[in-house]
Ligand SMILES: Cc1ncc(COP(=O)(O)O)c(C=O)c1O
C-alpha cells in the first residue's frame, strides 16, 4: 500500500509556532494539568500508578479503561470499544479499514482536515456538506445532505461539536441524520472529541448510541485537557468493523501506552469534575471575549459556540487573513489560526477559549489592534 497524502495544514502551521509563541489564542484543547494533580483525584492512586507494569497492554485497550469508556455511553459495553493513540490514529485507521478507492463520502465542512484528507488520499470522492453562517448562527441543511447521497455513497463524516465553528448537532438533527443514513444504508463516523463541554446546558447522545452503523470517536485530549496521554477510542456496535480495527492497529501502534491507560481510567472516573472545571474556564473566557467583541462590532462578527472550546470569528479586513495572522504572531507573539487552514478564503480565524491565560493573550491581541490602527 502506497499512500500520497497532502500536508496537514494545521499541524504544519502549529509546528512553526505552537511551542514558541507566548500567547496561544487559538488552541482547541482545554487547560491541562500535571500527573500529580490528576493522581490527587484518588488518594491511593499514586502508589498504584508508580507500581504499574510497563509491559504491553491488550490490543483493544486495557479492560478497565474500556469499561469506564463504555460507561460514558448509553448502550455500549467494554466489548464495543477499541482504544487508540489519540484521535488521529483512529481517524486514519477507520478510513483505511472501511473505504475503498472510488467510494463516495460526504463530509461536513469546514472540519478538521484529516476527516476528509485521509478519505481523499485513499482515492474516494469527497462531497462537502456545508455548515452555513445564517441569521441566528451556524446552521445545517438536512435536505442538502440527502441531496448529496448517491448510489456509491458509503459514509457520512461528522464532527460534533464542530472544530472550528462550535456548532453542535441538536438531538433532533442526530435523529434525522440517523434516519437518513439508515434509509440509504450508510455508515456515519461522528468525531465527538469535543463532547462533554456543552455550553447551552443540553446533553446530547453519542451518535453510536443512536445508530447501528454509527461510529463515535472520543479522546482525552480536548474536553478533558489531557492531550499528552494520547488516549482516544472508537465505539460502535458493528463487531465486524471493530475486529478489523483491531487488526489495523496491529500495524500502527499495536497497543496504547500502559501508564497513559491507567491515568485515563482515573480521569474518566472523575469525568464530571474535570468537565465541570473546563466548562467553567470556557464560560469565563467567553464572557471576556464577548465584552471584547462588543467593543469592536464593525471589525468582528462573533457567533458564540454551542459547545466546545473554539469559535470561528469573521474579521472585516481587506488584508488576507494569512498575512494578518503572520504579522500578529511575528510582532506580538499572539497565535490565531487563519481560515485558509480549513481550505477557506473567507476572512475568518479560529479562537480558542479553553486556556487559563486567555485574558492575557486577548489583551495582547487588543494591543496589537490598537497599535496598528485596526480599531
Ligand atoms: C475534530 C478533531 N478530531 C481529532 C483531533 C485529533 O486529536 P488528537 O490530537 O487527540 O489526536 C483534533 C485535534 O485538534 C480535532 O480537532
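Values quoted throughout were computed directly from the atomic coordinates according to the rules given, and no laboratory measurement underlies them. Only a predicted model underlies this, so the values are computations on that prediction, with no experimental measurement involved. Counting neighbours? That spans all protein chains shown, and the Cβs are built from the backbone with ideal geometry, glycine included.
By DSSP, the beta bridges lying fully in region 15-167 are antiparallel in about 25 percent of cases.
Extending 7 Å from the Cα toward the beta-carbon at both residue 150 and residue 322 defines two label points whose distance is 2.9 nm. Summarising the strand pairing of region 54-269, around 35 percent of its internal DSSP beta bridges are antiparallel. Each label point was placed 7 Å from the Cα along the Cα-to-Cβ direction; for residue 367 and residue 16 their separation is 2.3 nm. If you wrap the tightest convex hull around every Cα atom of the chain and split its volume per residue, you get 139 Å³.
Spatial offset of region 287-318 relative to region 171-188 amounts to 32 Å, using the alpha carbon center of each.
From helices alone, the chain scores -11500 deg cm²/dmol at 222 nm; the rule is -39500 (n - 2.57) for each run of n ≥ 4 DSSP H residues, then divide by the residue total. In plain terms, the residue of 203, 136, 213 with the fewest other Cβ atoms within 10 Å comes first and the most crowded comes last, giving 136, 203, 213. Subtracting the Cα-Cα distance of residue 340 and residue 185 from 0.36 nm times their residue separation leaves 52.4 nm of extension gain. Beta bridges per DSSP, both residues in the chain: antiparallel share near 50 percent. Footprinting exposure proxy ranking of 229, 241, fewest other C-beta atoms within 10 angstrom first, gives 241, 229. Normalised by the number of residues in the chain, the average gap of Cα pairs under 8 Å and 6 or more apart makes the relative contact order 25 percent. Cβ-Cβ distance of residue 5 and residue 43, R₀ of 41 Å, FRET efficiency by 1/(1 + (r/R0)^6): the value works out to about 0.35. Taking other Cβ atoms within 10 Å as a rough exposure proxy, 33, 95 sort from fewest to most as 33, 95. So what's the gap between the Cα centers of region 22-94 and region 244-279, to the nearest angstrom? Between the Cα centres of region 22-94 and region 244-279 lies a distance of 2 Å. Between rounded, prolate and oblate, where does region 68-204 land on the alpha carbon gyration tensor, with a ≥ b ≥ c its root eigenvalues, rounded for a/c under 1.5, else prolate if a/b exceeds b/c? Rounded is the answer for region 68-204, as its axis ratio a/c remains below 1.5.
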